[in-house]
1. Looking at 45, 15, which is the one that is exposed (fewer than 13 other Cβ atoms within 10 Å of the Cβ) and either touching a residue at least 24 places away in the same chain (Cβ under 8 Å) or assigned to a helix (DSSP H, G or I) (or both)?
2. Quick one: in the stretch 142-167, of everything that is assigned to a loop (DSSP other than H, G, I, E, B) and under 18 Å from residue 42 (Cα atoms), which residue is least open to solvent (accessible area, probe 1.4 Å)?
3. State yes or no: is residue 43 of a type in the set (D, E, K, R) and in contact with a strand residue (DSSP E or B) (Cβ under 8 Å, 6 or more places away or on another chain)?
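The values are calculated or read from the model by the stated rules, or taken from the named source; none is laboratory data. No experiment lies behind these values; they were computed from the predicted model shown. Reconstructed Cβ throughout: ideal geometry from the backbone, glycine too, with neighbour counts over all protein chains shown. What goes into the accessible areas is simple: the full protein's heavy atoms, side chains included, and nothing from ligands, DNA or RNA. Shrake-Rupley method; radii C 1.70, N 1.55, O 1.52, S 1.80 Å.
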Amino acid sequence: MTHQVHAFEPPERFVAGTVGPPGERTFFLQARGGGRLVSVALEKVQVSLLAEKLEELLTEAQRRFGVSLPELAPVIGDNEPLDTPVDEEFRVGTLGLAFDVDTATVVIEAIAAGEVEPEVELGDEDDEDDDDEDDEPDEDLDRLRVRLTPQATRQFIERARRVVNAGRPPCPLCGQPLDPAGHLCPRHNGYHR
């Protein structure tokens, strides 16, 4: 089975965005460059974690390799909607991050979800049981690979955080999202709030 690698090194534009009203939003990563437009769907939590881990990656690159990081600018970057048409190439199952020391760039790789649910491992990688297994996701899956400068990465992080926070406001009591008509709050024993 053939697979596609959509590589943008670097893209003209790489953003996280959504389609749909709050509560029914579909999240996308979208890359544009060289006359191509690729959109991949993912979950809200994946966008949130991607922004968080990219921030950690930049901090670690600065600490270990002396990479100069751009200052957090108060200027709002790219706030435009996703480019149309938003055609989903695939649904993301795995996200990979790396820092290329030679070019001082961040590499983001979104890999399509396979037929088997990916396992999430937490903690140390001292398990001898897994030594014979591949750490690489299935090579037969489609991928979106993007290479960004630290400045472009910082702009992506800021936009991703704005997109995640632009949804439904949280309930002040339980933290679950509030629908326009309210919700059944567990802190009020199921009474409509």
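1. Numbers: 15 fails: exposed (fewer than 13 other Cβ atoms within 10 Å of the Cβ).
Residue meeting the stated conditions: 45.
2. The first filter runs over the stretch 142-167 and keeps only residues assigned to a loop (DSSP other than H, G, I, E, B), leaving 142, 149, 166-167.
Next, only the ones that are under 18 Å from residue 42 (Cα atoms) stay: 142, 166-167.
Values: 142: 41, 166: 64, 167: 18 Å².
Selected residue: 167.
3. On the way: of a type in the set (D, E, K, R): yes; in contact with a strand residue (DSSP E or B) (Cβ under 8 Å, 6 or more places away or on another chain): yes.
Criteria met by residue 43.
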